[in-house]
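Okay, so here's the structure we're looking at.
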Ligand SMILES: [Zn+2]
């Protein structure tokens, strides 16, 4: 923020040719910016129905207001920012959780594909083929071959379904949802209450610190006095 002096130099009164320091501000809502500022020369022919304030006082007021607003903004920022930080961490966790689980799902699918390939490439086994002739009387039963593949498919489907199921009821989902709900705009009254509480808390801390400092200074002064006294005698 610019200091008073800097503003003094930059600010010009309502009259374009005057080069003097601003003396008075008129609080007239119909005037804009410089039209509200008056220097000593302006004031010679000055008349208004509106409230006027001295320049120094108005500077103090604007700075005080700005400080207050900055404090409120900081409190609002602090509330939301902390929650956003937490939400971001949850999203990062969720991402790694999803990645890990999807990797497992892909890996399981690849194992399934390998099992299916092995099923296709079954090697010739003399005794198995004799069994087959006895059982099926030289007829190749397509149904029987199809049956052989069922346990493989069944196991993998069961495994993948379980893994897929967890995505429908994420634990992280409710966590993130809660944070988002907390971030939802609160009623203005409620928000006001929260800010007032925070300001009071800060003021109390400040007050305590000031007292501590004052006590420290007092005891320091006592020590100094004692030192000079002892030096005297
Ligand atoms: Zn002027």
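The values are calculated or read from the model by the stated rules, or taken from the named source; none is laboratory data. These numbers were taken from a predicted model, which means no experiment stands behind them. We place every Cβ from the backbone using ideal geometry, glycine too, and count neighbours over all the protein chains shown.
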Worksheet entry | Matching entry among 62, 41 (being within 12 Å of the ligand (Cβ to nearest atom) and part of a helix (DSSP H, G or I)) | 41
Item to complete: Kindly check whether there is at least one residue in region 163-170 that is without any contact (Cβ under 8 Å) to a residue 40 or more places away in the chain, surrounded by 10 or more Cβ atoms within 10 Å (Cβ to Cβ) and farther than 30 Å from residue 81 by Cα.
Response: no
Worksheet entry | Residues of region 46-56 satisfying the condition of being assigned to a loop (DSSP other than H, G, I, E, B) and more than 10 Å from the ligand (Cβ to nearest atom) | 47, 48, 49, 50, 51
Response to the item:
Taking region 1-38 and the residues there that are within 21 Å of residue 69 (Cβ to Cβ), touching a helix residue (DSSP H, G or I) at 6+ places or on another chain (Cβ under 9 Å) and within 15 Å of the ligand (Cβ to nearest atom), the one that is modelled with the highest pLDDT would be 25
Item to complete: Give the residue, chosen from 107, 123, 141, 148, that is surrounded by 10 or more Cβ atoms within 10 Å (Cβ to Cβ) and at pLDDT 90 or above.
Response: 107
Worksheet item: For residue 41, all conditions in the list (1) loosely packed, with under 10 Cβ neighbours inside 10 Å; (2) more than 30 Å from residue 151 (Cβ to Cβ) hold save one; what is the number of the exception?
Response: (1)
